[in-house]
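The values are calculated or read from the model by the stated rules, or taken from the named source; none is laboratory data. These numbers come from a predicted model, not from an experiment. Cβ placement follows ideal geometry from the backbone for every residue including glycine, while neighbour counts extend to all protein chains displayed.
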Amino acid sequence: MARWVLIVTLGAVIFTSACGTTAPDAGASLDPKAGATAGAPPQPGAAASKATVAQAHPAAAKAAAIGPVYRDVTIPTGTALTLKLTTAVASDTSRVEDPVSAELIDALTIDGRAVLPAGATVTGTVTDADASGRVKGRALVAFRFTALRSGDDRYDVETVPVSRLAPATKGEDAAKIGIGAGTGAVVGAILGGKKGAAEGAAVGGGAGTGVVLATKGREVRLAPGADVTTQLTAPLTVRVRVS
């Protein structure tokens, strides 16, 4: 009898221990590689991250989608363009229609906003070139800019011609001839090409006259890097990036 009581008691203990053990949670992952329960939210990937950024900053997302934004700005007539030549021009070597180019020294601003950057290029052609002559004729070179390039944009422009005239040398000629300043009219007649005045001066002036008649005046030469200024003679509308 005691033996049956012991067997029943042991069976009851084993049954009670089995009932106290809980089954695995139905929400838990059975995959050991998962590292998290199946009920946990998934980690956001690249697409989810972009979507989150777009929701937080809709304006920035829209701008990125449509690309840069530009607006047209009109530069008024009379605006000065301060330039630095990138090609050489000279009264004795340049010819009409020779190309000329320059670039903006400083950015051009309208209402505090830069509308043309420093380094924007302008191009044009020589419109006049006269070398210095003997006895008469002062050297002259002139050119005009007709196009402007800023980045990938090119514009036609209308500008005031730029010209340079060689300085007069009448005073130097008078000193070479050896006559006084009071006889400047004679030198003027020589420079005007009047044959009689020239012959008379040659008689009274001595050997110095021959030097003046054989010597050409000064030339006008502008090397790359020379500063020049022109102005717009018509409005110029350019495209400016605003974002």
Here the residues within region 130-158 that are over 16 Å from Leu81 (Cα atoms) and in contact (Cβ under 8 Å) with a residue 40 or more places away in the chain are Ala131, Ser132, Gly133, Arg134, Val135, Lys136, Gly137, Arg138, Ala139, Leu140, Val141, Asp153
Which of the residues belonging to region 99-144 are surrounded by fewer than 16 Cβ atoms within 10 Å (Cβ to Cβ) and part of a loop (DSSP other than H, G, I, E, B)? Ile105, Asp106, Ala107, Asp111, Gly112, Pro117, Ala118, Gly119, Gly133, Lys136, Gly137
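A quick yes/no check of all residues on (1) outside any loop (DSSP other than H, G, I, E, B); (2) modelled with pLDDT under 95:
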site: Arg149; (1), (2): yes, no
site: Lys176; (1), (2): yes, yes
site: Ile179; (1), (2): no, yes
site: Ala185; (1), (2): yes, yes
site: Ala198; (1), (2): yes, yes
site: Gln231; (1), (2): yes, no
